[in-house]
Amino acid sequence: MTDMISNQQNENSAIDDQYIFDIHDFNLWYGSDQALYGINMGIEKNKITAVIGPSGCGKSTLLKTLNRMIEMVPNVNTSGSIKYDNADIFSKKQMVEDLRTQVGMVFQKPNPFPKSIYDNVAYGPRIHGIKKKKVLDEIVEKSLRGAAIWDEVKDRLNQNAYGLSGGQQQRVCIARCLAIEPNVILMDEPTSALDPISTLKIEELIKELKDKYTIVIVTHNMQQAARISDKTAFMLTGELVEFTDTDTLFSNPKDKRTEDYITGRFG
Amino acid sequence: MQIHISKSRMKRRIALNSIFRILFFLATTIGLVFLSLLLIRILNQGLGYLTIDFLRNFPAPYVEEAGMFAGIIGSLFLMLLTAPIAIILGVSTALYLEEYAPKNRFTNFIQVNVQNLAGVPSIVFGLLGLTFFVYLFQMGYTLIAGALTMSLLILPVIVVAAQEAIRSVPKEIKEASIGMGATKWQTIWRIVLPAAVPGILTGSILALSRAIGETAPLLIVGAATAIYTIPDSMLSKYTVMPIQIYSWTSRPQEEWQFVAGAGIIVLLVILLCMNAIAVWIRNKFQNRY
């Protein structure tokens, strides 16, 4: 099948391929330290996939590889393949900017720009060449509504995003991510810097976003993974130990190490 | 087991503390005393000669008619040429080193050498300017040759200051931009530079205020000591404030020392203003994250 045909199919959303990411025998090294070992994993469309595991297990590394943000770290080497939408993300033809437009990211610490709320959300559309005020206004409102924060900020769009609370900032960051209409949203422990109430709001938001987006979320909060995700992957020292339906993983883990981890024996 | 704390030792420690406080205070005072003496002497000698005419007149053979106009305008024009050249080159270099250059030995080598260049005596830059701009490029003893030499002189300082400013932009907001499919240049232009501008400006102004007081390199690349016109093009002859002051102090008659004092006051006031602007910019834009 040629790329063109597969693209067309996707646009018609007549998708018979259930996996948006296909990770095959993937290894990654930071310099000479291997961080990921032979990862095989398929990430399903319009599902929430959680990746759990103790600190340093490679879950963030894996997440950042999916939109190649990992390349910001010097001396990273990889082997194996990762396919997004059936195309190798590491191929020469793949423009990394295009990949990151389709695979958006929300970071651990809320990281709004030191600009107004409006300019934060309009940033993505603007870098992709949208200049018309009317179009931008529409995108900003739609994105902020999508991130369930429109009502809280609609009267102060021109104020600096730094004046918002941590939870609000994170939702503005999610809105900023939605503004370029990605297919996938990667979330790197998006609630670890937030209080319980803000966390709850973000979790509800993530569940709502599932209808339109594929979400991959890294968390070291197991309850969070159990609450919101459809599929859960458990990683340990760079290996994917177990990857299955969330319910199955938490109620009936196959691997002894998974069981030890989810019952709180380590990590 | 209870440890025994000797009261007499404690008194000794406290006494030692006071002694060090006094020593450090004296060290601070010595610097301040000499600075005040210098200022008092200059103000004493110069204030009487500091008149409106002094600011408006060209150099003259008589003390009463001597003025600094050519130097003030010369310095101003020199800085107006130097600033854009040095800032554009310096910020570009800093951006390359910080954002684009691969982190390898060669980059390190450049990095170390830029820092070393910042410590090279200014007269060496004067010789460089004489060899390249004045002779090789046949610019002669002109304003542009002086400005280019000065640009080279302050370039390393600006590069280092700009690098620090660029480095202090939080990694998180750069990642946010890159993560949305922005190119490196878009990220630099929309995120990094706006956040780094205060630091870059502060560093640049401090570098320029070093340049405005420089004499040696300009003597070498042929700034005039006595001149009766102001520059009307980049190829004009020119003089600057410190060179005029230098030429007055080297005259034998005592009253010329007073004229030099007046010149120093003018130079100091301009320097203080530039530093004040730098401090103001730094405070105004501080703590934006």
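Charging the Cβ of each Asp and Glu at -1 and of each Lys and Arg at +1, and nothing else, the dipole of chain A about its Cα centre rounds to 820 debye.
With the simple spin-label model, which puts each label point 7 Å out from Cα in the Cβ direction, the residue A:200 to residue B:38 separation comes to 6.6 nm. Rounded to the nearest Hz, the phi-derived 3J(HN,Hα) couplings of the range A:113-129 under the Karplus curve 6.51 cos²θ - 1.76 cosθ + 1.60 (θ = phi - 60°) are 6, x, 9, 5, 4, 4, 5, 4, 6, 7, 4, x, x, 5, 5, 8, x, where x marks glycine and proline.
DSSP bridge analysis restricted to the protein assembly as shown gives an antiparallel fraction near 60%, rounded to the nearest 5.
Calculated mean residue ellipticity, 222 nm, chain B: -22500 deg cm²/dmol, from DSSP H runs (n ≥ 4) at -39500 (n - 2.57) each, averaged per residue and rounded to 500. How would chain B be classified by its alpha-carbon gyration tensor: rounded, prolate or oblate, with rounded meaning a/c under 1.5 and the a/b versus b/c comparison settling the rest? Judged from the Cα gyration tensor, chain B comes out oblate (a/c at least 1.5, b/c at or above a/b). Neighbours of residue B:225 by Cβ distance under 12 Å: Lys/Arg scored +1, Asp/Glu scored -1, total +2.
Quick one: compute the contact order of chain A, relative version, from alpha carbon pairs under 8 angstrom and 6+ residues apart, as a percent.
Relative CO of chain A lands at 26 percent.
Based on alpha-carbon atoms, the Kirkwood radius and the radius of gyration of the protein assembly as shown give Rg/Rh equal to 1.13. Distance from the Cα centroid of the range A:195-267 to that of the range B:135-207 is 45 Å (rounded to whole angstrom). Pairs of Cα atoms nearer than 8 Å and 6+ residues apart set the relative contact order; for chain B it is 27 percent.
Over chain A, with a single point scatterer placed on each C-alpha, what log10 of the ratio I(q)/I(0) does the Debye formula yield at q = 0.15, 0.16 1/Å? After summing over all Cα pairs, the log10 values are -1.15, -1.29. Tell me which of A:48, A:170, A:125 sits at the most positive position along the dipole axis of the range A:17-262, charges placed on C-beta atoms (Lys, Arg +1; Asp, Glu -1). So the residue we want is A:125.
Taking the DSSP bridge list for the range A:17-262 and keeping only pairs wholly inside it, about 60 percent are antiparallel.
For chain A, adding -39500 (n - 2.57) for each run of n ≥ 4 DSSP H residues and dividing by the number of residues yields -10500 deg cm²/dmol at 222 nm. Rounded to the nearest 20, the Cβ-based charge dipole of chain B about its Cα centre (Lys and Arg +1, Asp and Glu -1) stands at 1780 debye.
Students often get this wrong: which residues of the range B:32-74 have the backbone nitrogen under 16 Å from the point 7 angstrom along Cα-to-C-beta of residue B:273? Residues passing the 16 Å test: B:51-57, B:68-74.
Each Lys and Arg adds +1 at its Cβ and each Asp and Glu adds -1 at its Cβ; summed about the Cα centre, the protein assembly as shown shows a dipole of about 1720 debye. Placing unit charges on the Cβ atoms of the charged side chains and taking the dipole of the protein assembly as shown about its Cα centre, the candidate lying farthest along the positive direction among B:38, B:206, A:250 is B:38.
Between the range B:250-289 and the range B:1-78, the alpha-carbon centres lie 13 Å apart. Under 5 Å from the amide H of residue A:36 lie the amide H atoms of A:28, each residue being 5 or more positions distant or on a separate chain, with H modelled from the backbone and absent for Pro and chain starts.
Couplings for the range B:46-62, taken from phi via the Karplus curve 6.51 cos²θ - 1.76 cosθ + 1.60 with θ = phi - 60°, read x, 3, x, 9, 8, 10, 4, 4, 4, 6, 9, 8, 7, x, 9, x, 10 Hz in order; Gly and Pro are left as x.
Coordinate-derived values only; no laboratory data. All of these numbers come straight from a predicted model, not from anything done at the bench. Note: ideal-geometry Cβ built from the backbone for every residue, glycine included; neighbour counts use all protein chains shown.
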